[in-house]
Amino acid sequence: MARAPIFMRVGDLSAVRLQPQTIQPKIEEAPARVTTVGAQARAAAMVQPMARANPRLAAEMIRVRPHILDKLRGRGSARDQLTVPVSPVAEPTDAVLFEAPADPAQKSYLPRYRLREHGGRYEIGVTAVPQGGWRLSVGLERFPAPELGASAQGAAELPHEVAVFFRYGAGPSNAIEKRVDFTEVANDPKGITVSVTLDLAARDNLMFALQTPAARPALLVRRAISVAVNLPEDAKSDQPPVLIHKIRPELLMVNEPVTMRVARPRIDTLAVTPPPIDRPPVAKPQMMHMMARPLAMEAMINPGFIQTVEPVQTQPEARYQTIQRALDDVADPEPFVLDPRLHPYLYDGAAVGGGARVAEFRRIVLPHPQGAPDARFHAYLQDKSEPWVFYYLPDRFKLSRRDVAPFLPQMVVRIAAPDGAIDNAAVTIDYVVEPWIDAARLNAARAALKREIPAATSAQPEPELRPLQAKASLKLWVPGVAGAALSDQKDVAIDLANGFVHSLTLPLEGFRQLYAAAYSQDATSLFSGQVLVETGLATPEPIPVEIRFADTQGEILAFGEQPSDTDGTIAVSMRNGIESPVRLTGLPVRVRKGDREVDAEIEGVAFEPPLELAPGAEVTFTVRPKAALPGDGVLDALFDTSWVKILPDPEKILPLISDMSVPAQYERQIEVMTMPELLGDAADPGSIILINVEFKGGGNLKLSREQPSGVAQVQLPLMDLLLGRDTQGKYGFRQQIIRRNGSQVIDPSWREADFSLLVLPIV
């Protein structure tokens with residue numbers, strides 16, 4: 001079946017058999033350019049921006065980012081350049097006091113919100129409006145977090161914006177999340193008043209939820225703030241941004257350009273303390289050796305960058321980065337349950353009592369692609385109270401990539417050994433998973449779902465597709481004692497519209513198996529599974545989950561464009577923006593100008609044989625529209641990147657996703673000895689009086705007739721251990737032989753061994 005192009009950044013990873021041509025990365029730095037980046041498929045599937053906003057998930061994602069990558073923020077600003085309050089902690093909360101940038105003594109706090117009371121009643125009411133419908137209004141008052149105590153006295157309120165909404169569970173088992181967003185927010189002397197106009201069905205559903213504890217109703221106040229935080233030392237980079245990305249507003253449903261930063265490559269000069277020359281022959285298990293100073297990412301990729309230098313003590317200037325955060329506050333009372341017997345004023349105003357009904361849903365199953373033998377069936381839930389509304393689920397969940405170049409996998413590997421023994425070490429994997437949605441599938445479903453809308457009762461003839469939020473759980477295939485096992489993953493907060501953060505802790509061997517599955521292109525069940533969605537309508541709806549470096553969610557290529565003012569073409573530079581090589585078997589493109597689009601063709605680069613780009617490699621070409629595009633506006637090239645195949649490089653990926661607190665080396669204990677017979681007769685001028693054994697990577701041991709054996713602690717690359725590249729811990733050594741007559745023999749090159757007992761060859 002022919003594949004219809006989809007003009008966004010999504011990955012189609014079908015196998016390619018043609019002999020590729022390879023483009024290596026350029027050395028020179030790229031100039032600043034404007035880059036058009038296609039929105040992810042979830043945005044193209046028209047997920048509402050408010051549904052994508054999840055402060056809890058955002059906070060979880062922050063820890064799945066090694067500090068070394070924060071260099072992408074840039075150098076930051078000095079305090080006297082700031083225009084926003086300063087947070088004393090890296091991740092601001094409403095339980096801390098903020099400082100004015102010019103005067104640290106001037107404090108401010110982020111208020112919380114609760115339902116106001118007046119005359120023994122909550123300030124909440126429902127009234128009919130002349131134009132039709134029902135107006136729900138709620139009065140809220142601000143107050144400082146109780147954790148602040150007396151320190152909040154004299155502090156001002158932190159500037160912030162609010163979005164207020166009710167959230168409750170609907171459906172037969174209250175598993176389907178529904179929301180009522182307040183569309184009007186007004187300040188008043190006592191706080192704020194929020195309002196929304198509801199139709200009869202939405203009013204009844206909400207009134208039913210507010211008197212049903214099982215629906216878990218909650219009133220949430222989302223507070224958006226801009227504050228400055230102190231940059232960590234390793235993030236105060238001197239690298240200016242070189243790329244500015246603009247995301248297509250009509251796909252993201254956002255009308256402002258998004259600025260992203262990209263770091264230029266550089267080489268760090270590192271200070272590494274050499275290991276001691278001799279170690280006492282004390283038997284001990286293999287130990288993890290922490291370097292005197294943390295290694296930079298470049299050193300983990302290329303040890304040749306490391307130089308031994310004298311450390312220079314300097315007092316760095318405090319630098320700050322302005323960040324935007326959204327923090328949710330569940331307003332009192334919690335849960336937001338108002339008994340009709342205690343709060344009749346609310347239900348009398350709405351002219352309803354306890355007989356209101358919870359929203360009901362109808363399950364509709366459609367195949368995609370229609371009529372294809374490999375079609376997959378997808379469920380859609382129709383809201384009977386709003387029959388034009390249909391809730392959908394993602395096609396699958398994938399490993400997420402960062403949204404700024406380099407587009408690295410959002411995964412962090414941490415290793416720890418509580419007793420110091422490498423044999424008892426455990427590896428923790430933190431990673432971010434995002435939903436992937438086939439926009440073509442949703443577009444095809446619209447026509448079929450339109451026929452399901454009752455013509456006589458519907459206020460809207462066109463289907464409205466919304467992402468489903470419901471209870472969900474995760475099952476994952478992980479290594480076990482008896483082999484791979486499908487395991488329930490506990491305490492995972494799954495956001496079906498935005499994704500989730502998951503952590504796994506495994507022994508070293510289990511990590512090797514899981515990591516191998518992540519970069520392998522062979523069929524394996526490890527590191528895959530299902531998200532099971534509870535709707536209460538039928539059996540749980542399964543959504544596949546696969547953690548594969550070759551099939552990820554996010555950008556892969558970075559494009560720079562320069563439209564021509566004369567011939568209607570666009571000069572394009574295309575860079576591989578990830579850590580692994582990529583292979584292109586094609587690159588369909590369209591050109592847009594204003595609200596019109598036409599097909600286009602690429603000149604200057606061929607895709608047969610397939611084009612292969614190394615990490616950081618760049619090619620340039622011209623995009624020429626196949627038809628004229630009259631009118632005003634800037635030409636914009638839209639690329640279909642579903643023809644891009646990622647070729648995972650596990651040895652490059654692992655250093656980039658390893659936590660920087662992980663030691664770059666571990667130690668292995670080697671017993672070294674020689675035989676007295678090999679040293680010769682002590683009276684012979686040619687006999688050996690000393691053997692100096694030097695180990696690659698540092699450390700040596702001296703043996704003689706009086707001390708024919710000893711124990712050395714050999715430093716080995718930790719990456720070898722994590723990758724299972726050399727489970728025996730192969731090491732390099734060379735020997736220096738000194739004879740009684742003063743002659744010396746030194747090995748011209750390194751020898752290799754992997755035994756725990758090294759008997760020196762001498763010869």
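Select, from THR622, THR539, the only residue that is in a strand (DSSP E or B), out of contact with any Pro (no Cβ under 8 Å at 6 or more places or on another chain) and hydroxyl-bearing (Ser, Thr, Tyr).
THR622
Take the residues of the range 219-237 that are at pLDDT 85 or above and open to solvent by 10 Å² or more (accessible area, probe 1.4 Å): which is farthest from PRO335 (Cα to Cα)?
The qualifying residue farthest from PRO335 (Cα to Cα) is ASN230.
Failed condition for ASP188, given (1) surrounded by fewer than 15 Cβ atoms within 10 Å (Cβ to Cβ); (2) at pLDDT 90 or above, with all others met?
With (1) surrounded by fewer than 15 Cβ atoms within 10 Å (Cβ to Cβ); (2) at pLDDT 90 or above applied to ASP188, the lone miss is (2).
Hey, among PHE397, PHE407, which residue is in a strand (DSSP E or B) and either out of contact with any helix residue (DSSP H, G or I) (no Cβ under 7 Å at 6 or more places or on another chain) or at pLDDT 90 or above (or both)?
Being in a strand (DSSP E or B) and either out of contact with any helix residue (DSSP H, G or I) (no Cβ under 7 Å at 6 or more places or on another chain) or at pLDDT 90 or above (or both) holds for just one of PHE397, PHE407, which is PHE397.
Under 9 Å between Cβ atoms, which residue pairs at least 6 apart in sequence (or on different chains) link something in the range 488-500 that is on the phi > 0 side of the Ramachandran plot with a partner that is among the hydroxyl-bearing types (Ser, Thr, Tyr) and modelled with pLDDT of 90 or more?
Sorted first by the residue in the range 488-500, then by its partner, the pairs are GLY499/SER400.
Quick check on my filter: what residues within the range 598-613 are within 15 Å of VAL582 (Cβ to Cβ), surrounded by fewer than 19 Cβ atoms within 10 Å (Cβ to Cβ) and hydrophobic (A, V, I, L, M, F, W, C)?
VAL605, PHE607
State all residues of the range 650-673 that are under 32 Å from the mean Cα position of the chain (by Cα) and at pLDDT 90 or above; if no residue qualifies, say none.
Correct list: ILE653 only.
List the strands (runs of 3 or more DSSP E) that sit entirely inside the range 168-228 and contain at least 1 residues that are hydroxyl-bearing (Ser, Thr, Tyr).
Because the criterion is at least 1 residues that are hydroxyl-bearing (Ser, Thr, Tyr), the strands (runs of 3 or more DSSP E) in the range 168-228 that meet it are 191-198.
Conditions: (1) surrounded by fewer than 21 Cβ atoms within 10 Å (Cβ to Cβ); (2) of a type in the set (Asp, Glu); (3) touching a residue at least 12 places away in the same chain (Cβ under 8 Å). ASP522 meets all but one. Number of the miss?
Condition not satisfied by ASP522: (3).
I'd like to verify a number: residues in the range 348-365 that are modelled with pLDDT of 85 or more and surrounded by 19 or more Cβ atoms within 10 Å (Cβ to Cβ), how many?
Within the range 348-365, residues that are modelled with pLDDT of 85 or more and surrounded by 19 or more Cβ atoms within 10 Å (Cβ to Cβ) number 1.
Restricting attention to the range 614-634, report how many residues are within 21 Å of THR566 (Cβ to Cβ), surrounded by fewer than 20 Cβ atoms within 10 Å (Cβ to Cβ) and aliphatic (A, V, I, L, M).
4
So that you can scan it fast, the table gives a plain yes or no per residue for (1) within 30 Å of ARG583 (Cα to Cα); (2) at pLDDT below 85:
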site: VAL693; (1), (2): no, no
site: GLN715; (1), (2): no, yes
site: GLY724; (1), (2): yes, yes
site: TRP750; (1), (2): no, no
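Output the residues belonging to the range 372-418 that are open to solvent by less than 30 Å² (accessible area, probe 1.4 Å) and under 30 Å from GLU667 (Cβ atoms).
Once the filter is applied, which keeps residues that are open to solvent by less than 30 Å² (accessible area, probe 1.4 Å) and under 30 Å from GLU667 (Cβ atoms), the range 372-418 yields LEU408, PRO409, MET411, VAL412, VAL413, ILE415, ALA417.
Run VAL572 past the list (1) among the hydrophobic types (A, V, I, L, M, F, W, C); (2) in a loop (DSSP other than H, G, I, E, B); (3) modelled with pLDDT of 95 or more and report the number of the one that doesn't hold.
VAL572 satisfies all of (1) among the hydrophobic types (A, V, I, L, M, F, W, C); (2) in a loop (DSSP other than H, G, I, E, B); (3) modelled with pLDDT of 95 or more except (2).
Where residues in the range 701-712 are assigned to a strand (DSSP E or B) and under 18 Å from SER756 (Cβ atoms), which of them is most open to solvent (accessible area, probe 1.4 Å)?
Checking each candidate, the answer is SER709.
Here's the yes/no breakdown for (1) open to solvent by 10 Å² or more (accessible area, probe 1.4 Å); (2) closer than 26 Å to VAL714 by Cα; (3) in a strand (DSSP E or B); (4) of a type in the set (Phe, Trp, Tyr):
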{"site": "ALA637", "(1), (2), (3), (4)": "no, no, yes, no"}
{"site": "ARG668", "(1), (2), (3), (4)": "yes, yes, yes, no"}
{"site": "LEU678", "(1), (2), (3), (4)": "yes, yes, no, no"}
{"site": "ALA683", "(1), (2), (3), (4)": "yes, no, no, no"}
{"site": "GLY686", "(1), (2), (3), (4)": "yes, no, no, no"}
{"site": "GLY698", "(1), (2), (3), (4)": "yes, yes, no, no"}
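Hey, could you check the range 162-174 for residues that are surrounded by fewer than 19 Cβ atoms within 10 Å (Cβ to Cβ) and modelled with pLDDT under 90 and say which is farthest from ILE225 (Cα to Cα)?
Among those that are surrounded by fewer than 19 Cβ atoms within 10 Å (Cβ to Cβ) and modelled with pLDDT under 90, it is PRO172.
Within the range 526-541, how many residues turn out to be surrounded by fewer than 17 Cβ atoms within 10 Å (Cβ to Cβ) and on the phi > 0 side of the Ramachandran plot?
Total satisfying the criteria: 1.
Quick one: is ARG583 at pLDDT 95 or above, part of a strand (DSSP E or B), surrounded by 16 or more Cβ atoms within 10 Å (Cβ to Cβ) and in contact with a strand residue (DSSP E or B) (Cβ under 9 Å, 6 or more places away or on another chain)?
Considered against the rule, which asks whether it is at pLDDT 95 or above, part of a strand (DSSP E or B), surrounded by 16 or more Cβ atoms within 10 Å (Cβ to Cβ) and in contact with a strand residue (DSSP E or B) (Cβ under 9 Å, 6 or more places away or on another chain), ARG583 comes out as yes.
Starting from residues that are among the hydrophobic types (A, V, I, L, M, F, W, C), buried (at least 18 other Cβ atoms within 10 Å of the Cβ) and closer than 30 Å to PRO85 by Cβ, keep the ones in the range 134-147 and report whichever is farthest from the chain's Cα centre (by Cα).
Only one residue fits best here, namely VAL138.
Would you kindly identify the strands (runs of 3 or more DSSP E) lying entirely within the range 419-504 that contain at least 1 residues that are touching a strand residue (DSSP E or B) at 6+ places or on another chain (Cβ under 8 Å), among the hydroxyl-bearing types (Ser, Thr, Tyr) and open to solvent by less than 30 Å² (accessible area, probe 1.4 Å)?
426-436
List, please: which pairs have Cβ atoms under 7 Å, are six or more places apart or on different chains, and start with a residue in the range 393-404 that is farther than 16 Å from GLU579 by Cβ and end with one that is in a loop (DSSP other than H, G, I, E, B)?
Sorted first by the residue in the range 393-404, then by its partner, the pairs are LEU393/LEU468; LEU393/LEU496; PRO394/ILE437; PRO394/LEU496; ASP395/ILE437; ASP395/ASP438.
The values are calculated or read from the model by the stated rules, or taken from the named source; none is laboratory data. If you're wondering where the values come from, they're calculated on a predicted model, not measured in any experiment. Note that we place each Cβ from the backbone using ideal geometry, even for glycine, and neighbour counts take in every protein chain shown. SASA here: full protein model, heavy atoms, side chains in, ligands and nucleic acids out. Shrake-Rupley method; radii C 1.70, N 1.55, O 1.52, S 1.80 Å.
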